[in-house]
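For reference, the structure is listed below as structure tokens.
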Amino acid sequence: MSLKQNSLVKQQESNTFSGFLTSEGVKKKINEIVGGKDGQRFITSIISAVSANPELAKCEHSTILSAALIGESLKLSVSPQLGQFYIVPFNDNRNNRVVAQFQIGYKGYLQLAIRSGYYKKINVVALKKGEFINYNPLTEEIETKLINDDEIRENTETTGYYAMFEYLNGFRKTMYWSKKKMEIHATKYSRAYAAKKGYSFWEKDFDAMAFKTMLRQLISKWGIMTVELQQAFEKDIIEPETSDYIETNIDKEDIKSDPTDIKKDFFESKEKE
């Protein structure tokens, strides 16, 4: 291979996300932030996540890393199979670019809640047709008649959602939403779901998004907010007003800040190197 060809290959490799991530400057910064021992694990997990979603490869590399660093700071796994958090591609219309953003899954909220050490019990479930009898919002007592056959229950239509937690000190809180109420919420906070184009995560896995919504509502209103839970609520970017959701299997619900600001100093310092 000639010197010119070799230079071209190196340039092409550096333009890929794996090339960006394994460049000396970025690896050095990752090791400083994540830690030398965990640095390679972190790099491997992000490359695997990007490989599993071709749309992510089109995102600005720094935004992918930024989203992943949020999850890493919360000690959550980026593995889609675990469902703790996701890196989601969006078209940033205002700046004419494609960016990756962080979104926590309901299993991520459960992990953070359990990790706090305050909870004796915490649960969120879908109630099936015929199971719900009554819910008293004053006493927060629910009356149900659950279907005993798991296979039949799995294939029965969902009509509502119930979430609860109980702290070690005995404090207990519960909440019930009908599916109709959840659909109104989804339509209000998700443009992709309201558009009914078939690609939003609300449409692909309504129950998972409903579980997340129930946990967000329950914990944010009545739960003890640890530092990690506060960070998760603040960084869980849902649907930016200046961006369009790119077809994948994750959707957004609302927005409070821009995750591309996370580790801003990291990227600015890299540009100066």
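The values are calculated or read from the model by the stated rules, or taken from the named source; none is laboratory data. From a predicted model like this one, the values you see are computed outputs, not experimental measurements. FYI the Cβ positions are ideal-geometry reconstructions off the backbone, even for glycines, and counts take in every protein chain you see.
Before moving on, here are some points about what is shown:
- Any hit, segment 62-73, residues being small (Gly, Ala, Ser), at positive phi and touching a helix residue (DSSP H, G or I) at 6+ places or on another chain (Cβ under 8 Å): no
- In this structure, Ile255 does not satisfy being buried (at least 19 other Cβ atoms within 10 Å of the Cβ), at pLDDT below 50 and at negative phi.
- Among the residues making up segment 170-205, a single one is of a type outside the set (Val, Ile, Thr), surrounded by fewer than 16 Cβ atoms within 10 Å (Cβ to Cβ), within 30 Å of Asn91 (Cβ to Cβ) and at pLDDT 95 or above: Glu183.
- Candidates Ser23, Ser45, filtered to the one that is modelled with pLDDT of 85 or more and closer than 18 Å to Gln101 by Cα: Ser45
- Condition check for Ser51: of a type in the set (Ser, Thr, Tyr) and without any contact (Cβ under 8 Å) to a residue 24 or more places away in the chain: yes
- Conditions (1) over 30 Å from Ala49 (Cα atoms); (2) of a type outside the set (Ser, Thr, Tyr); (3) without any contact (Cβ under 8 Å) to a residue 40 or more places away in the chain; number of the one not met by Leu168: (3)
- Subset of segment 207-232 (residues that are under 16 Å from the mean Cα position of the chain (by Cα) and without any contact (Cβ under 8 Å) to a residue 40 or more places away in the chain): Gln230
- Of all residues in segment 91-106 being in contact with a Lys or Arg (Cβ under 9 Å, 6 or more places away or on another chain) and within 14 Å of Ser62 (Cα to Cα), the one that is surrounded by the most Cβ atoms within 10 Å (Cβ to Cβ): Gln101
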